[in-house]
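Q: Dropping the structure in here first, questions after.
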Amino acid sequence: MNICVIPARGGSKRIPKKNIKEFNGRPIIAYSIEAALKSNCFSKVIVSTDDREIAEVAEKFGAHVPFVRPFELSNDYAGTIPVIKHAINWMEKTNKKFDNVCCLYATAPFIQPKIISKAYHQLLESKKDFCFSITSFPFPIQRAIKIDQNNEMNMFYPEYFNKRSQDLDESFHDAGQFYWGKVQAFKDELPIFSEASSPYVLPRHLVQDIDTMEDWVRAEIMFKVLLETEGSV
């Protein structure tokens, strides 16, 4: 048995009410809830929140909100793994037993049910503790540049200045959509960015981190283009 946990606290500052803000005409959390439900991977889809308004929206779209997330796990510094661990412990106290958990972010409108399902099967086949989404950087990180306080420019890795881009290793980053994991791995708070994980690679056009309003606008444009060109996201 598996459960999905969608963390969605109410205290977003850069984008107020970020987790329920309208995205392409619907609360953004609705996309994550519906993708989880349509994946047929879960016995329950749970939203972990400290906010009553978020809870009401989540329940409207079919999620369960069986508890109020405690204050100490609802501030700007609360990590994802402790939030998932809290949900697991709460469920186990109510005699609900399960094997795997998928942490699915509330601001992941590009997530697809088939991807959730494929990543779950990859977790099982890999025999790893976690499987999470990654995507490639569009430019070699070895040639990244920094600007210091004097507005002067330097390479992070000057030793690669004369290297051709095609000779550098491709680099990837967390796509910020989902983290499948075994229950015990979350309870033990094992590091996700390690050999304990199996990477599920997403194409860059299905990935947009949403932390600022600029990110939000870009994501909505990408979403609309995908709908127009492919008929779905």
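Just so it is clear, none of the values below were taken in a lab; they were calculated from the coordinates. Every value quoted in this text rests on a predicted model; they were computed, and no experiment measured them. We place every Cβ from the backbone using ideal geometry, glycine too, and count neighbours over all the protein chains shown.
Q: Stretched out fully, how many nm does the piece from Arg14 to Leu124 gain, at 0.36 nm a residue minus the Cα gap?
A: That works out to 35.9 nm of additional length.
Q: What number, rounded to the nearest 500 deg cm²/dmol, is the helix-based mean residue ellipticity at 222 nm of the chain, given -39500 (n - 2.57) per DSSP H run of at least four residues and division by all its residues?
A: Rounded to the nearest 500, the figure is -9500 deg cm²/dmol.
Q: For labels at Lys114 and Asn40 in the simple 7 Å Cα→Cβ model, what's the distance in nm?
A: 1.4 nm
Q: Another question, if that's okay. Separation between the Thr229 and Lys146 pseudo-spin-labels, each 7 Å from Cα along Cα→Cβ, expressed in nm?
A: Rounded to a tenth, the inter-label distance reads 3.5 nm.
Q: Run the dipole for the chain about the Cα centre, Lys and Arg Cβ at +1, Asp and Glu Cβ at -1, nothing else charged, and hand back the magnitude in debye, nearest 20.
A: 640 debye
Q: Something else about it: Peptides 180-186, 195-201, 4-10, 222-228: what's the order by average Cβ count within 10 Å, highest mean first?
A: 4-10, 180-186, 195-201, 222-228
Q: Does segment 9-57 come out rounded, prolate or oblate by the C-alpha gyration tensor, with a ≥ b ≥ c the root eigenvalues, rounded set by a/c under 1.5 and, if not, prolate when a/b is larger than b/c and oblate if not?
A: Oblate.
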